[in-house]
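The values are calculated or read from the model by the stated rules, or taken from the named source; none is laboratory data. All values derive from a computational prediction rather than experimental measurement. All Cβ positions, even for glycine, are placed from backbone atoms using ideal geometry, and neighbour counts span all protein chains on display.
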Amino acid sequence: MLRVIDSHTEGEPTRVVLEGGLDLGNGPLSERRAIFARDHDRFRRSVILEPRGHEALVGALFCEPQDKSCAAGVIFFNNEGYLGMCGHGTIGLAVTLAHLGRIAPGRHRIETPVGIVTVDLASANEAEIENVPSYRHADSVTVDVAGHGLVTGDVAWGGNWFFLCKSTPCPIDEHHLADLTAHASAIQKALREQHITGALGQEIDHIEIFGAPLAGGDSRSFVLCPGGAFDRSPCGTGTSAKLACLAADGVLSPGQRWIQESVTGGRFTASYRRDSHGQIIPSIRGRAFVVKDANLLFHPDDPYTDGFRTV
Ligand code: PYC
């Protein structure tokens, strides 16, 4: 039996696992994530995939932080594997911890495998995260995409690696989800095949396509996640990557507000500051709501204990 709390952040689901019973040691979160992936991948599958979960779900394993100034440590995972950071998931985690009475409104530090982030819990259902330093790695990279021609975009880091397309094949709305998914999946595949990577050869596993805003924001985005599901929210790490590109292009100043809409109409309000090294530190604000407090059950005779993929 495993206690989980499900929430959604601007439409994107998060499943917080409060006590996974996994022995990951007490090293840095990056090390514990590697142990999780190496020794406990069945756990990831059983929590995230059908029949207990679904392809769009992001898991958040609540861990003891190594840095005792942090309120929590967290390792994010999804239908495909493990994430560095997750913006919507951190907002979901903060709202979940508030729901449990474990944190109060105010500022809290959260340890992740890619660094410490802070979260300002504004109310029971609203939080603002200050993400890890984000940056544009490569400007205007052109990739030859089978069936879609040449596609140009920027490569940027926002806690995960993103390819940010400079054009869209169709409007960014719920009527074009299949077309957007096909286009972004083809780009993901082409980047892999053509060995176009982030820094240190790291895979660019998230694709962002931008279009005109429909709900009073500055831009609307479609974000394809590594496992083939699209982000229902504007994607916190993706919005961070977008801010890094806008800053690099000199079109968004520190402190200037940027409202990123998602393909399903969710909104993140974002801005950035520069740290003492001149790096961009993005802030992302959004709402989350707890939707389920449940126990996952595992029967020894259940043939689907390890879950199954549908995309
Ligand atoms: O909000 O950073 C995010 C995120 C990453 C993958 C899904 N959501």
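The table below lists the values:
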item: Residue tally, condition surrounded by fewer than 24 Cβ atoms within 10 Å (Cβ to Cβ) and within 23 Å of the chain's Cα centre (by Cα), over the range 142-154; result: 2
item: Selection within the range 1-39 - more than 18 Å from THR112 (Cβ to Cβ) and away from the ligand (no atom under 16 Å from the Cβ); result: MET1, LEU2, ARG3, VAL4, ILE5, GLU19, GLY21, ASP23, ARG38, ASP39
item: Residues that are surrounded by fewer than 18 Cβ atoms within 10 Å (Cβ to Cβ) and modelled with pLDDT of 95 or more, drawn from the range 277-297; result: PHE289, VAL291, LYS292, ASP293, ALA294, ASN295, LEU296, LEU297
item: Strands (runs of 3 or more DSSP E) completely within the range 16-128 that count 2 or more residues being among the aromatic types (Phe, Trp, Tyr) and surrounded by 15 or more Cβ atoms within 10 Å (Cβ to Cβ); result: 72-77
item: Hey, ARG15 at negative phi, more than 19 Å from the chain's Cα centre (by Cα) and either of a type in the set (Asp, Glu) or at pLDDT 95 or above (or both) or not; result: no
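For every residue, the table says whether it meets (1) under 21 Å from TRP157 (Cβ atoms); (2) away from the ligand (no atom under 16 Å from the Cβ).
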{"position": "ILE207", "(1), (2)": "yes, no"}
{"position": "GLY211", "(1), (2)": "no, yes"}
{"position": "SER233", "(1), (2)": "yes, no"}
{"position": "GLN256", "(1), (2)": "yes, yes"}
{"position": "ILE259", "(1), (2)": "no, no"}
